[in-house]
Amino acid sequence: MHIHILGICGTFMGGIAQLAKASGFRVSGCDANVYPPMSTQLSSAGIKLIEGFAADQLAIQADLYVIGNVVTRGNPLMEAILERGLPYISGPQWLAEHILRDSRQPLWTLAVAGTHGKTTTTSMLAWILEDAGLAPGFLIGGVPENFGISARLPGAPRQEPAGRSPFFVIEADEYDTAFFDKRSKFVHYRPRTAILNNLEYDHADIFPDLAAIENQFHHLVRTIPANGLIISNGCEESLARTLARGVWTPVSRFGVADGWQAGVVDADGSFEVALAGRSYGHVRWGLLGEHNRMNALAAIAAARHVGVTPEVAIEALASFRNVKRRMEVRGVANGVTVYDDFAHHPTAIATTLAGLRHKVGSARILAVLEPRSNTMKLGAMKAVLPDSLRDADVSFCYGANLGWDPVETLAAMGERAQCFTDLPALVEAVARFAKPGDHVLVMSNGGFGGIHDKLLTDY
């Protein structure tokens, strides 16, 4: 069967392409921006890529068109598919029907949902199961350093024959499915084990308020069977409200006294893991911040549900290498360390900066921020942006293409904030300001014009 994927170069759709190829499908795809690293991954997998969405792509005569949520009405290829009555399906639905619930071997799906930490927690959970010898499949919205790939089928490559493992770990995104299916992606997955990591307002382009997102999370809760398990952040009022609407599955909580807790935290970031007062040992690793400790607790609890003891999970996390673009050191030049991080929501910005501050002590931190997400562009979270930058000594904001004025928003920060609409000018200002011993934290959910390499060159 030949599937043609529209919007193939996004991390999620690119992962679907790789899973489909490994499952024996003939796969091709198109996107408006066919560029590395996803284009390289797909090409190396033997997947044909086409630039753009021209209607003449119908000449390839695919059996089914898999539609990413980047595709809207008016897209010329999509319009041609509709006009000719050709078969099409969303990416999440295709994944659910052909991978997660394949009639030959329905999988035990472990889904990780939440406003923040989905990629990191999914990667932690996949690595714990891998290290325990369970060879899970996974689809992750980033590239875990332990695996070097964002997606694979269960049983590969450590277990033969491929596909014998029943486990699949997936990053469960609350963003909508497709232009013709406005439910959150995760509604399609029907997990047996589900992590609800946190829940805040985000995605202002599709959700009018927090209540609308809570509604989608409750749709997810409704799909989890009675023999499953929900692992929920016990500190989140939004999740408590969601579960109070009805729950038919056992719930295990973390971050609270009667649930999973991070106990004593050592100076190097290692911490004790305890459940209802019983200690299971210490996670000894190099990750920073309270948010990562919470991510780890959720992953340990989920792994326990499939039979991995907390002691084994704790040992596995000692060799967890994080995810690309999560506090990733891009280089050191003239004594200045440049980091790359995916943070773009104010809560993620604050926790990322807090983690770096814990690491570097009194050394100067220069935050370089691109408010690029749809939520940030619309200005829905601008009021809390200044406070989220409190742990930075100076913040540099790239304010091009925003629907609000960052100079006005960050005015209360005084000399601690500088705003630019010209990227070269921003790079020059940061390079001029930085001095040996400084830590430059670049935060964006996009490529940010290759700013990391430009900064390292200028230093």
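Descriptive notes on the structure:
- Kirkwood-Stokes translational diffusion coefficient of the stretch 1-128, alpha-carbon pairs, 20 °C, 1.002 mPa s, µm²/s: 139 µm²/s
- Globularity index of the chain, i.e. its alpha-carbon radius of gyration over 2.2 N^0.38 Å: 0.98
- Treating r as the C-beta distance of Leu423 and Asn374 and R0 as 25 Å, the FRET efficiency rounds to 0.80.
- Pairwise FRET efficiency - Glu51 versus Ala411, Cβ, R0 = 56 Å, nearest 0.05: 0.85
- Counting 0.36 nm for each residue step from Leu64 to Lys182 and taking away their Cα separation leaves a gain of 40.4 nm.
- Loop-located trypsin sites (Lys or Arg not before Pro) in the stretch 24-115 whose Cβ has at most 10 other Cβ within 10 Å (DSSP): Arg73, Arg84, Arg104
- Packing, taken as the mean count of other beta carbons within 10 Å per residue, orders the peptides 133-141, 290-298 from highest to lowest as 290-298, 133-141.
- Scattering from the stretch 238-373 was approximated by placing one identical point on each alpha carbon and applying the Debye formula without solvent; log10 I(q)/I(0) at 0.12, 0.22 1/Å stands at -0.59, -1.36.
- Residue-normalised convex hull volume from the C-alpha trace of the stretch 328-458: 91 Å³ per residue.
- Debye intensity ratio I(q)/I(0), log10, the stretch 185-271, q values 0.10, 0.16 Å⁻¹ (C-alpha model): -0.30, -0.68
- A Förster distance of 22 Å, applied to the separation of the beta-carbon atoms of His219 and Glu311, puts the FRET efficiency at 0.05.
- Semi-axes of the equivalent ellipsoid for the stretch 78-224, computed as √(5λ) from the eigenvalues of its C-alpha gyration tensor and ordered from largest down, come to 26, 21, 13 Å.
- Using θ = phi - 60° in the Karplus curve 6.51 cos²θ - 1.76 cosθ + 1.60, the 3J(HN,Hα) couplings for the stretch 384-396 round to 9, 5, x, 5, 5, 9, 5, 7, 8, 6, 9, 10, 10 Hz; x is entered for Gly and Pro.
- With a simple spin-label model that places each label point 7 Å from the Cα along the Cα-to-Cβ direction, the separation between Arg241 and Ser44 comes to 4.5 nm.
- Whole-Hz couplings from phi, Karplus 6.51/-1.76/1.60, listed for the stretch 25-31; x for Gly and Pro: 6, 8, 10, 9, x, 9, 6
Bear in mind these aren't lab numbers, they're just calculated from the coordinates by the rules spelled out. Owing to the predicted nature of the structure, the values given are computational and were not obtained by experimental measurement. FYI the Cβ positions are ideal-geometry reconstructions off the backbone, even for glycines, and counts take in every protein chain you see.
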